[in-house]
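Chemist: If you scroll down you'll find the structure; I have some questions about it.
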Amino acid sequence: MDWWKNGLFSAVILCLFTTSAAASPWLEPDDVYLRSNLQRLAEAGIITSSVNTFPLPWREIGQELKQTQPHTLSKELRVAYMHLRHALESAQLMRGQSGVKLKGATAATPSAFGQYNVSRWQTEGSYSMTERSFAFRANANYGYYHGESPEMNWDGGFLAVNLGDFSFVGGALHKWWGPGWQSSLALMPQGKPAPAGYITYSRNQIPVIDNIYIETGGAWLEDASPWEKGWLTRLATRPLPQVELGVTHAYYDGHSDNRGQSWLWREILGKQQETGHQTTLDLRLTPWVNHARQLAITPSVYGQYRINDNLDQQNAYLVGIDGQTMVGDVLARFVVEYRHNPLADNRELNAMLTGLDELGRGKIVQLNSLSDQTSVGGYLQLANNHEISLFYHHEKFSQSYQRLATEYRLPLFNGLFSVALHASDADWQQDKVQLSSSWDYRF
């Protein structure tokens, strides 16, 4: 066995015995590195299902993973495959059914895929079970969201019943709809998950469109957006290996009584509509998918466009390019992403940014999604299962600002420890440096 096979074997063993994995019927939007490996397998044509809607059911992906012969893959694809296969088996064998998580952040920071630093501090306890026809996770949390008072919450809990291609789900889970890594236009900005009940349908091997994923349901948005409730629908498909499509429609109703969520829209922008709606389209193209197994890197281009919105965000768009490769024993994904929001040019909004006291009480999460933003950076997965992300963001409202964001994750005491640092020179960012950390222990 030559040196790279020894290195690969070591990486797999470390992955199997040190990764903190939780039993779940989905890939949830809490692990950007797992998503990166899934995306790499999709870029190589090994996964043919749509992979731009999270939480993402394991069923079709699991079938394709089990049909794959890992010895036929390159070193890079084999490592990505082993990470996904380990996560799948963790869900099936119910590894990490119980868990305790501690997390905190000195200030709220903008959310990205897998990064939701919205708690000043929070302790979480959970127990989960995944069976063939149902799954659940009971979460009991006590925490202090920025801008609010300490309270109990049940975020992260769910109950799901599976009937063939259909699932009926109730719970409070983070969602990420679309191909972006640093931004998503498909939902109103959310600092924390919203309680929801919904139905999903997913199936492969459908004539003409090959596969489809549909999700629709109602959500109680009182604490997560300026609206009281909403009806959210998502359709995603991958009709060709090179093309992935998605469409999202959201209908909102009622004013939120949570001033922390409504202040920007009702008080600053003067939006008093009783109902709201948004429709967003997204697309991902990987032209070289038929040759991806032979290429060292397979870049993809993606975009998202909001075709209608009655809160002045019509014609907002996001475009990006990304790709993953292997440098030595390190898996590396680069991302270049640009987001434009018409509200970035709003005079009333810009006039309120400097010295606004509200920003010191946790409102930065929803404000950030309204800026124009250019993001450049990437994710590194080391052979010892340590993981690093680093991004530079150029943000623009009336003026241009810079933000640097980095996170480091590593296995620690049978759990997963992370520490993140954000630094910004924005006038409206009262805390120029924000530090956050978490430790997730599973048993």
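The values are calculated or read from the model by the stated rules, or taken from the named source; none is laboratory data. Fair warning: this is a prediction, and the values are worked out from it, not measured in the lab. Here the Cβ is made from the backbone with ideal geometry for all residues, glycine too, and neighbour counts use every protein chain on show. Accessible surface is based on the protein model in full, side chains and every heavy atom, while ligands, DNA and RNA are left aside. Shrake-Rupley method; radii C 1.70, N 1.55, O 1.52, S 1.80 Å.
Chemist: Look through ARG120, ARG132, ARG95 and report the one residue that is modelled with pLDDT under 95, closer than 30 Å to GLY328 by Cβ, open to solvent by 40 Å² or more (accessible area, probe 1.4 Å) and of a type outside the set (Gly, Ala, Ser).
Modeler: Residue meeting the stated conditions: ARG95.
Chemist: Further question on the same structure: Please indicate, with yes or no, whether at least one residue in segment 288-308 is under 20 Å from TRP220 (Cβ atoms) and in contact (Cβ under 8 Å) with a residue 40 or more places away in the chain.
Modeler: No: zero hits.
Chemist: Here are some conditions: (1) open to solvent by less than 50 Å² (accessible area, probe 1.4 Å); (2) at pLDDT below 95; (3) under 30 Å from THR72 (Cα atoms). LEU343 meets all but one. Which one does it not meet?
Modeler: The number of the failed condition is (3).
Chemist: OK, next. Could you tell me whether THR279 is within 22 Å of ILE212 (Cβ to Cβ), without any contact (Cβ under 8 Å) to a residue 40 or more places away in the chain, assigned to a strand (DSSP E or B) and open to solvent by less than 70 Å² (accessible area, probe 1.4 Å)?
Modeler: Yes.
Chemist: Mind checking which residues of segment 296-329 are open to solvent by 40 Å² or more (accessible area, probe 1.4 Å) and part of a strand (DSSP E or B)?
Modeler: VAL301, TYR305, ILE307, ASN308, TYR317, VAL319, ILE321, MET326, VAL327
Chemist: If you check ALA140 against the conditions, is it open to solvent by less than 40 Å² (accessible area, probe 1.4 Å) and hydrophobic (A, V, I, L, M, F, W, C)?
Modeler: Answer is no for this residue.
Chemist: Would you confirm whether or not segment 92-106 contains a residue that is touching a Gly at 6+ places or on another chain (Cβ under 7 Å) and among the small types (Gly, Ala, Ser)?
Modeler: The answer is no, given that none of the residues of segment 92-106 is touching a Gly at 6+ places or on another chain (Cβ under 7 Å) and among the small types (Gly, Ala, Ser).
Chemist: Going through segment 391-418 one residue at a time, which ones are open to solvent by 50 Å² or more (accessible area, probe 1.4 Å) and within 18 Å of the chain's Cα centre (by Cα)?
Modeler: Across segment 391-418, the qualifying residue is only TYR408.
Chemist: For segment 241-248, does any single residue satisfy the condition of being out of contact with any His (no Cβ under 7 Å at 6 or more places or on another chain), crowded, with 21+ Cβ neighbours inside 10 Å, of a type outside the set (Gly, Ala, Ser) and on the phi < 0 side of the Ramachandran plot?
Modeler: Yes, because at least one residue in segment 241-248 is out of contact with any His (no Cβ under 7 Å at 6 or more places or on another chain), crowded, with 21+ Cβ neighbours inside 10 Å, of a type outside the set (Gly, Ala, Ser) and on the phi < 0 side of the Ramachandran plot.
Chemist: Also: Looking only at segment 143-181, filter to residues that are at pLDDT 90 or above and among the acidic types (Asp, Glu); which one of those is surrounded by the fewest Cβ atoms within 10 Å (Cβ to Cβ)?
Modeler: This residue is ASP165.
Chemist: Name the pairs: first residue in segment 208-236 and crowded, with 24+ Cβ neighbours inside 10 Å, second residue acidic (Asp, Glu) and at pLDDT 95 or above, Cβ to Cβ under 6 Å, at least 6 apart or on different chains?
Modeler: ARG234/GLU215
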